[in-house]
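One structure is given below, encoded as structure tokens.
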Amino acid sequence: MQNTGKCGRYGHLSSCQNQQQELKRQSDERKPGSNFMKRLLTIFVLLWGTAAAQAVQTSTAALKDQLDALKELQQSKLESQKELQVKDIEAVRQQITAVDKRVDDQLTQLGQSVDRLGILITILGVGITVLLVLGGFLGYRNAKSEAKEAASDAAKASAQEWFDKQAMVLKEKIEAMENKAALLHAEMDQHAQGVQEHAADIAKALITAQESIGKTSTQAPSGLEESTKVLAQRDRELRASTEDSYSFDDWNTRAHAAYTNGALEDAGYFWLRAARVTNAGAANVAQVLINRAITQGDLNQREAAIATYDEVIRRFGEAPELALREHVARALLNKGSLQSKLNDNEAAIVTNDELLKRCVEATEPRLLKKVAMALVNKGVAQCRQNQLQAAMITFDEVLHRFGEAVEPHLRDAVAKSLVNKGIAQEQLNQYEAAIATYDETLRRFGEDTDLGIQIQVARALVNKGIAQDRGNQGGNHIATFDEVVRRFAEAAEPTIRQQVALALNGRGFHHLIQAKSLMQQEDPEAKLQLQIALENLNDAAHRCARPNGLILGNRAYVQYLLGNVDAASDDFAEALRAPEDGGKGLYEATLKDLDINPLTVDIEIRKMVEKAWATFQMLRGSGSGL
């Protein structure tokens, strides 16, 4: 029993040992995995030195030490207390079982920890791989960046050197271009200045040319010759362009160029084209139409000119703008003048009355000028209609409204009214009143230097001389004619030269009558008087811009008395054809003159006159150019 128990006891001990050996074997079997884990963990610890790997290693080492200590303790107790522990075998078994369970649990936990650690290591490996890849990539980038920087530095250095060279070349080119640009800029400035100056010259020339329209050569404004050259040059420039591209200014410029050059037909056509330009402006259209009408009048196309003036009145007659009102007033004024030249004096009076009606309340100086001129022209037309009393009332209205005016154009109207009033008084045989009116003109304007007023002064003197002669004031008229010659003999203005010619004619006629009186007495002094008369009449004819019938008729009379019959016949034929004081008026006046201090020879002279008159009528009736 005892052996059995002992064997069993030892057998149990052997079993315990076997269990321990099994446990040790299992533990040893697990050690390779543990060592791998420890090596792997060590690798990661070495790589990363993480606190988690160190904790696992420390826990495993402590567990091994605990197990070894426990085994030694158990063996010691078993050997020293083999007998004492028989009773405690069960307890020991239980403890071993507990220990086994505890070991299993710890191994299980250790396995789980190892698994988790494997997963963690795997993750860490992936992370490390990623980090290594990232590190490699960063290293590559750094290396690439460094290579780039090095290459960039080298490229920059090379590029900088190239750029420096090119910069120098470019700088030289830029400087050359700047110099060239400066020259071009200077040339452009010079050209622009030249264009501006040329445009200014053209504008100035147009103004000068406009002022010259309708005036005589001596009345023309200063600088007209130079303006004519400027406009001619511009006309040549415009001819290089197509007419379809012309503006209003282009047509107007060509018209002025033609007018100043004497090409009146072209001027009228160009102004018509200017008036048809779209958006030319009402004032511009009115102006060029008036210019066209004046040109038509200069061409003796008086009916056409009146129609053009009517177009201005029709198109702009109701316009309120001052510029257009002025153009309409001028159209009416010029229309009335043409009607008078056509001997349609009644129509002229109506036209001037229309102007006066339109401007009855006008206060603008430019319109007042037209009003004053319309009154003068109306009075002249009334004189031609033999409405002498009405004419003097009209002239007195001018004196009443504008007698104290200081503006040149209004003073000119006053001077004209006085002279024409004196003429009306002469026609009424009021010679004393006429002479007083002429003296009033001389008192007011005798020292005035204005050309227009000087013309009226010359007219006043000439007509005063005529009134003195007709009023039988002795030889006073000769002194008056002499004053005309003294004051105006050197005048260049055609109208004043005409008045000098009339004064010389008056002197010549006086010597002619004196010669006839002496011839009645058979006084040899008569021939001398005829020679003086011929000298005065030759001088008079020379001063006339156009042939004057009275002067040529008187010279024909003197020539016949001097025995120059052929010259007398030629002079009288020309006198009848003369545009001024010719025709029927001259024929009738000559017949009356033959009755002054009649001579036997006057019978032959009358025959010459009648023959010349018959020829004149025949030629005029046949339309042969008279």
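About the Cα centre, and with charges only on the beta carbon of Lys, Arg (+1) and Asp, Glu (-1), how big is the dipole of segment 500-626? Nearest 20 debye, please.
On the way: 13 positive and 17 negative charges, 78 e Å.
Charge dipole, segment 500-626, about its Cα centre: 380 debye, nearest 20.
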Electrostatic dipole magnitude of segment 226-299 [Cβ: Lys, Arg +1; Asp, Glu -1; Cα centre; debye, to 20]
40
Could you name the aspartates and glutamates in cross-link range of K341, using Cα to Cα under 14 Å and dropping any fewer than eight places away on the same chain?
D298, E303, E580, D581
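Ranked highest first by the average count of other Cβ atoms within 10 Å around their residues, in what order do 540-553, 516-529 fall?
Details: 540-553: 21.3, 516-529: 14.9.
Order by mean packing, descending: 540-553, 516-529.
Find the eigenvalues of the gyration tensor of the Cα atoms of segment 321-439, then list the square roots of 5 times those eigenvalues as equivalent ellipsoid semi-axes, largest first, in whole angstrom. List each step's numbers first, then the result.
On the way: eigenvalues 117, 61, 18 Å².
Working through the eigenvalues yields semi-axes of 24, 17, 10 Å.
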Under a cut-off of 13 Å between alpha-carbon atoms, report the aspartates and glutamates in cross-link reach of K229, not counting same-chain residues fewer than 8 places apart.
D201, E237
Place a point 7 Å from the Cα of E303 along the Cα-to-Cβ direction; which residues of segment 313-357 have their backbone N under 16 Å from it?
338-344
Taking a threshold of 23 Å on the Cα-Cα distance, which of the pairs K421/K516; K378/K592; K370/K416; K527/K611 fall above it?
K421/K516; K378/K592; K527/K611
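Every number in this text was worked out from the coordinates using simple rules, so none of it is lab data. As the structure is a prediction and not an experimental result, all values here were calculated from the model. Virtual Cβ from ideal backbone geometry, glycine too; neighbours counted across all protein chains shown.
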